[in-house]
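K.L.:
Okay, here's the structure, questions in a sec.
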Amino acid sequence: MKKIICNIIILLGILSCSDLEVVPDGVNTADNLFQTEEDAEAAVNAVYSSLQTADIYNQFMEAIQSQGTDDAEWGFGRNTSNTNKLQMDKFQFDASSDLILRFWKVHYVNINRANIVIKRIAEMNISEDNKNRFLGEAHFVRALMYFNLVRLYGAVPLVTEPTESLEGLNVARSSTDIVYELIEEDLKFAELNLPVQYGTENYGRATKGAALGLLAKVYLTNKQYVDAKNTAGDVMDLGIYSLWANYVDVFDIANENIKESIFEIQFTSTGDAINSVSSSFQGFFKPPAQVLPPEPGEFAGYGDNPVTENHFQIYNEGDERRDVNVLYVPSAPSSIQFPYYVNKYQDPDAVSVQDGGNNYYILRYADILLMYAEAINAEEGPTIEAYSAFNKVRRRAFGFPVNVESLADLAAGLTKEQFQDSLELERRKEFAFEGQRRFDLLRWGKLKEAVETQDPSITVQEKHNLFPIPEQEIIVNDLLAGDQNPGY
């Protein structure tokens, strides 16, 4: 799948909602591109390819989820010249911020690609099984894109048809309820039409488990706890996912797309300095040369996403996740007050800062277990089932077998509130720097509390729970005039 995406060149430059003045992509939506199953598969691959861009899962998602929370913070002797990331880090972003626009724009680019696939492949005379699978993949990716948008921007324009003419380009915002209805419909369609597993040549494609797992997260976000529990349970009942024995194994490149993996954004090292399919995380997160001089023949990093001391100190003695997640450099210059760096993404074969083969997790089995525990606790309190799911993740963190009682197990007899507090801390450690933190804090209503506890000099306002609608989008879309999120 990585190689397939690497070679995809069609369907580039398709319209986003922000580029409504651009001529529609009539060539790429023409019937002559959808004649054979190979054409259909190539179009689906193009839908996946946009997920790899720096404006979403190869950089900005992590800036939003880590630097926009209590897990990472620029300053304290570190370079703060990147305006986009500094604004996110200090909660100084506004409707004119470039990151806010670019994140929005690439999501609508990919939504439009998915819309093209859904419309055109539905009309094709090809194998029904393959047709339904291709459509399921497109519905899954569209749901993922809208799920990101609605959690970060609130009500957004809902576009379900491809942009193929100059008519009807302006679209008003739909309520969050309506957006979530589409997300749920897309994921239910995907769950019904996607296979449980693929052969190795198709690793990286969305599966039934991916659709169910994302749907469980949608339900949990909307506090539909019974549905969240049951849907997470459906993933568990598939019987094909399990935890790696050691936390470090989860992030070994050789272990991608199997066992614990449910859905990952695919990246591959190519040996090029700059390319569209390599991960930038391992290089961007490595300390710069003045902090940790590279070995001969190696390269220094940029020191992006600098980890807070607040995060480093949350791990208990014996928790193996700390040293997998965080690199502590005590020899760093004294000007750097908190010399902590992301250590999770390692590629020993990378030849440059932007050349990495590390995939980026969207869903893995540990997430299903902790969502299952959270949903049960919210509805029923900390039952035996909730403890069991929670403790599997916790045992692995301390090097114990996941299915055997251990000294690491969570204390029995906790109240609902105490169990929730433990679960929130566990998620912070388990999914550090995996694009989860901001979404978790928003779900719990604790973004302001967490960030200001970590650094009281940062002021988080009520408006910051949502991003502003990009200023450029409001300028080009008359139906958004005067319809900005409160406070911006």
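The values are calculated or read from the model by the stated rules, or taken from the named source; none is laboratory data. Source: prediction; values computed, not measured. A quick note on method: Cβ atoms are made from the backbone with ideal geometry, for glycine too, and the neighbour counts reach across all protein chains shown. Side chains are part of the model used for accessible areas, which takes the heavy atoms of the whole protein and leaves out ligands, DNA and RNA. Shrake-Rupley method; radii C 1.70, N 1.55, O 1.52, S 1.80 Å.
K.L.:
Output the qualifying pairs, or none if there are none: Cβ atoms under 7 angstrom, residues six or more apart or on different chains, first residue in the stretch 136-165 and over 19 Å from Thr207 (Cα atoms) and open to solvent by 10 Å² or more (accessible area, probe 1.4 Å), second residue outside any helix (DSSP H, G or I) and of a type in the set (Lys, Arg).
P.N.:
Ala155/Arg173
K.L.:
Does the stretch 311-327 include one or more residues that are touching a Gly at 6+ places or on another chain (Cβ under 9 Å), touching a residue at least 40 places away in the same chain (Cβ under 8 Å) and open to solvent by less than 20 Å² (accessible area, probe 1.4 Å)?
P.N.:
There is no residue in the stretch 311-327 that is touching a Gly at 6+ places or on another chain (Cβ under 9 Å), touching a residue at least 40 places away in the same chain (Cβ under 8 Å) and open to solvent by less than 20 Å² (accessible area, probe 1.4 Å).
K.L.:
Moving on to the next point. Could you grab me the full set of residues in the stretch 419-428 that are within 13 Å of Phe390 (Cα to Cα) and in contact (Cβ under 8 Å) with a residue 24 or more places away in the chain? Before the answer, list the steps.
P.N.:
Applying the first criterion (within 13 Å of Phe390 (Cα to Cα)) to the stretch 419-428 yields 419-427.
Phe419, Gln420, Ser422, Leu423, Leu425, Glu426, Arg427, listed by residue number.
K.L.:
Of the numbered conditions (1) closer than 20 Å to Ile336 by Cα; (2) open to solvent by 10 Å² or more (accessible area, probe 1.4 Å), Gln67 fails exactly one; give the number of that condition.
P.N.:
Gln67 satisfies all of (1) closer than 20 Å to Ile336 by Cα; (2) open to solvent by 10 Å² or more (accessible area, probe 1.4 Å) except (2).
K.L.:
Continuing with this model, one more query. Taking the residues in the stretch 42-64 that are more than 23 Å from Leu442 (Cα to Cα) and polar (S, T, N, Q) as candidates, determine which candidate is surrounded by the most Cβ atoms within 10 Å (Cβ to Cβ).
P.N.:
Ser50
K.L.:
Check Glu181 against each of (1) assigned to a loop (DSSP other than H, G, I, E, B); (2) over 30 Å from Asn359 (Cβ atoms) and name the one condition it does not meet.
P.N.:
The number of the failed condition is (1).
K.L.:
Take Ala216 and decide whether it is at pLDDT 95 or above, over 18 Å from the mean Cα position of the chain (by Cα) and crowded, with 19+ Cβ neighbours inside 10 Å.
P.N.:
Judged against the criteria, Ala216 is not a match.
K.L.:
Let me ask something additional. Pick from Glu452, Glu405, Glu434, Glu426: which is charged (D, E, K, R), at pLDDT 95 or above, in a loop (DSSP other than H, G, I, E, B) and within 26 Å of Met88 (Cα to Cα)?
P.N.:
Going through Glu452, Glu405, Glu434, Glu426 in turn, just one is charged (D, E, K, R), at pLDDT 95 or above, in a loop (DSSP other than H, G, I, E, B) and within 26 Å of Met88 (Cα to Cα): Glu434.
K.L.:
Assess whether Gln290 counts as being over 18 Å from the mean Cα position of the chain (by Cα), surrounded by fewer than 16 Cβ atoms within 10 Å (Cβ to Cβ) and among the polar types (S, T, N, Q).
P.N.:
yes
K.L.:
Within the stretch 161-200, can you find the residues that are under 22 Å from the mean Cα position of the chain (by Cα) and of a type in the set (S, T, N, Q)?
P.N.:
Thr176, Gln197
K.L.:
Now a separate question. In the stretch 375-402, how many residues are open to solvent by 20 Å² or more (accessible area, probe 1.4 Å), over 19 Å from Asp323 (Cα atoms) and assigned to a helix (DSSP H, G or I)?
P.N.:
The qualifying residues number 8.
K.L.:
Show me the helices (runs of 4 or more DSSP H) entirely contained within the stretch 201-305 in which 1 or more residues are touching a Gly at 6+ places or on another chain (Cβ under 6 Å).
P.N.:
Those helices (runs of 4 or more DSSP H) span 225-237, 281-285.
K.L.:
Restricting the search to the stretch 431-488, which residues are more than 30 Å from Asn170 (Cα to Cα) and β-branched (Val, Ile, Thr)?
P.N.:
Val451, Thr453, Ile458, Thr459, Val460
K.L.:
Taking Gln197 as the residue in question, decide whether it is open to solvent by 40 Å² or more (accessible area, probe 1.4 Å), closer than 23 Å to Glu379 by Cα and free of Cβ contacts under 8 Å to residues at least 60 places away in the same chain. Working first, answer last.
P.N.:
Details: open to solvent by 40 Å² or more (accessible area, probe 1.4 Å): yes; closer than 23 Å to Glu379 by Cα: no; free of Cβ contacts under 8 Å to residues at least 60 places away in the same chain: yes.
When the stated conditions are applied, Gln197 does not pass them.
K.L.:
Being under 15 Å from Gly68 (Cα atoms) and part of a helix (DSSP H, G or I) is the filter here, so list the residues in the stretch 461-477 that pass it. Outline the logic, then answer.
P.N.:
Within the stretch 461-477, the first condition is being under 15 Å from Gly68 (Cα atoms), and the residues that meet it are 461-468.
Those that are under 15 Å from Gly68 (Cα atoms) and part of a helix (DSSP H, G or I): Glu462, Lys463, His464, Asn465.
K.L.:
Here are the criteria: (1) under 18 Å from the mean Cα position of the chain (by Cα); (2) at pLDDT below 95. Tell me which single one Asp347 does not satisfy.
P.N.:
Going through the list (1) under 18 Å from the mean Cα position of the chain (by Cα); (2) at pLDDT below 95, Asp347 breaks only (1).
K.L.:
Quick test of your reading of the structure: Gln224 fulfils all but one of (1) open to solvent by 20 Å² or more (accessible area, probe 1.4 Å); (2) without any contact (Cβ under 8 Å) to a residue 60 or more places away in the chain; (3) within 19 Å of Tyr361 (Cβ to Cβ). Name the failing condition by number.
P.N.:
Every condition holds for Gln224 apart from (3).
K.L.:
Moving on. Could you tell me whether Glu264 is open to solvent by less than 20 Å² (accessible area, probe 1.4 Å) and acidic (Asp, Glu)?
P.N.:
yes
K.L.:
So Asp98 ticks every box in (1) without any contact (Cβ under 8 Å) to a residue 40 or more places away in the chain; (2) within 17 Å of Asp39 (Cβ to Cβ); (3) touching a helix residue (DSSP H, G or I) at 6+ places or on another chain (Cβ under 8 Å) but one. Which box is left unticked?
P.N.:
For Asp98, the failing item is (2).
K.L.:
Another question, then. Does the stretch 433-488 hold any residues that are touching a residue at least 40 places away in the same chain (Cβ under 8 Å), open to solvent by 10 Å² or more (accessible area, probe 1.4 Å), out of contact with any Asp or Glu (no Cβ under 7 Å at 6 or more places or on another chain) and among the hydrophobic types (A, V, I, L, M, F, W, C), and which are they?
P.N.:
Phe439, Leu442, Leu466, Ile474, Leu479
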